[in-house]
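Here is the structure we will look at.
The values are calculated or read from the model by the stated rules, or taken from the named source; none is laboratory data. Just so it is clear, the structure is predicted and the values come from calculations on it, not from any experiment. All Cβ positions, even for glycine, are placed from backbone atoms using ideal geometry, and neighbour counts span all protein chains on display. Ligands, DNA and RNA are stripped out before the accessible areas are found, and what is left, the full protein with its side chains, is counted by its heavy atoms. Shrake-Rupley method; radii C 1.70, N 1.55, O 1.52, S 1.80 Å.
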Amino acid sequence: ASFAKDALDLSNADKDVIVREKEKEKESNSIIIPPLYQTHVPRSVPNLTVEFMSQRTVKVAQEMLLIEAKLFIGVTPRELVVYRGSGNISPEDSASAAPLSICNIINHFNLVTQWVATEIVTTPNLKKRISVLKRFITLADKNLKLRNFNGAMEIIAGLNLCPVQRLKQTWKGLSNKTRKKFQEMDKMLSPYRNYHSYRLSLSSSSPPVLPYFGVLLRDLAFINVGNETRLQNGHLNLIKLGLLASLTKQVSFYQQQVSLCASDKSGEVLVFTQILNGFKETLHRYDEAALFHFSHLCEAASHEIH
């Protein structure tokens, strides 16, 4: 019901158009967009899944760790202290630019999340779409085995987007083992009780560990929102400064752990970089509304109205 609420509000006439187009879709490898939606979404969608599906998940997971470790170790203590969210810095900082390293991590996270959802909803064939979904669940698991919590969270976040979650027939096609694996990872990375399960898993993991950066920013926000920098008597709030020092020390601790993971001596262009660069070229096509359109073309809304 919750996914039905977030789905597109299609009229009966719209649904008839989609049904007719889905029949045509069986004779083609690309998804055809009904004329009603041509102003929002491209007429046809290239097959984005070929390159990803041809790669071994362990290789993609290793490259994700390499890329994200580089982004993570680029964050400085000063950037953490002055960061206030939404790409802004504190008024006390004289610099005019936002902390680029933090913004890069956030943008990369959002890009991967959207790529995951796009790969799935733009795969029109049900059997192939189930395979893509299974591959992403496996990839998330490989990230966790490498103790890359940030990479695992990117994938799980993409799988939890409404255009993907509403694909009931696709999820139903997974084996019980694969579905259980997703549920276990989803529960472990859940924000419930301030990411309690995730924090336990993080603290019990052997180094090197790449933490989920969003939780670090969340903790930073709580420190800044809940504590004034100066007390009423004008003195510095030593409690707040101590909390900030503790958080920056924690980040530095993890940065030292993953520093070796960020070293790539091969000089080769990573496959995962090529995949994301290819997706970036078409990123403007796949906003939230477009993903819902493709999702409804894959599985009509009637599947979720019961």
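Were the residues from LYS145 through SER205 laid out at 0.36 nm apart, the gain over their Cα-Cα distance would be 20.6 nm. Which net charge results for the neighbourhood of ALA152, defined as the other residues with beta-carbon distances under 13 angstrom from its beta-carbon, given Lys and Arg at +1 and Asp and Glu at -1? Within the 13 Å Cβ shell, the charges total 0. Distance between the 7 Å Cα→Cβ label points at TYR192 and LYS249: 3.3 nm.
The charge dipole of the range 116-178, taken about its Cα centre with unit charges on the Cβ of Lys, Arg, Asp and Glu (plus for the first two, minus for the last two), comes to roughly 300 debye. Spin-label pair SER101-ASN277: with each label point 7 Å from Cα along the Cα-Cβ axis, the two points sit 2.5 nm from one another. For GLN250, what charge total do you get from the other residues with a beta carbon under 12 Å from its beta carbon, if Lys and Arg give +1 and Asp and Glu give -1? Spelling it out: positives minus negatives among the neighbours equals +1.
With charges only on Cβ, +1 for K and R and -1 for D and E, what is the dipole size of the range 203-299 about its Cα centre, in debye, rounded to 20?
Using only the charged Cβ atoms, the result is roughly 460 debye.
Between GLU228 and ARG285, the simple spin-label model (points 7 angstrom out along Cα→Cβ) gives 5.4 nm.
For the range 106-259, the solvent-accessible area with a 1.4 angstrom probe is 48 square angstrom per residue. Tell me the carbon and sulfur percent of the accessible area for the range 166-306, rounded to whole percent, probe radius 1.4 Å. Summing carbon and sulfur atoms, their accessible area is 55 percent of the total for the range 166-306. Other residues lying with their Cβ under 10 Å from the Cβ of PHE109 contribute a combined charge of -2, Lys and Arg counting +1, Asp and Glu -1.
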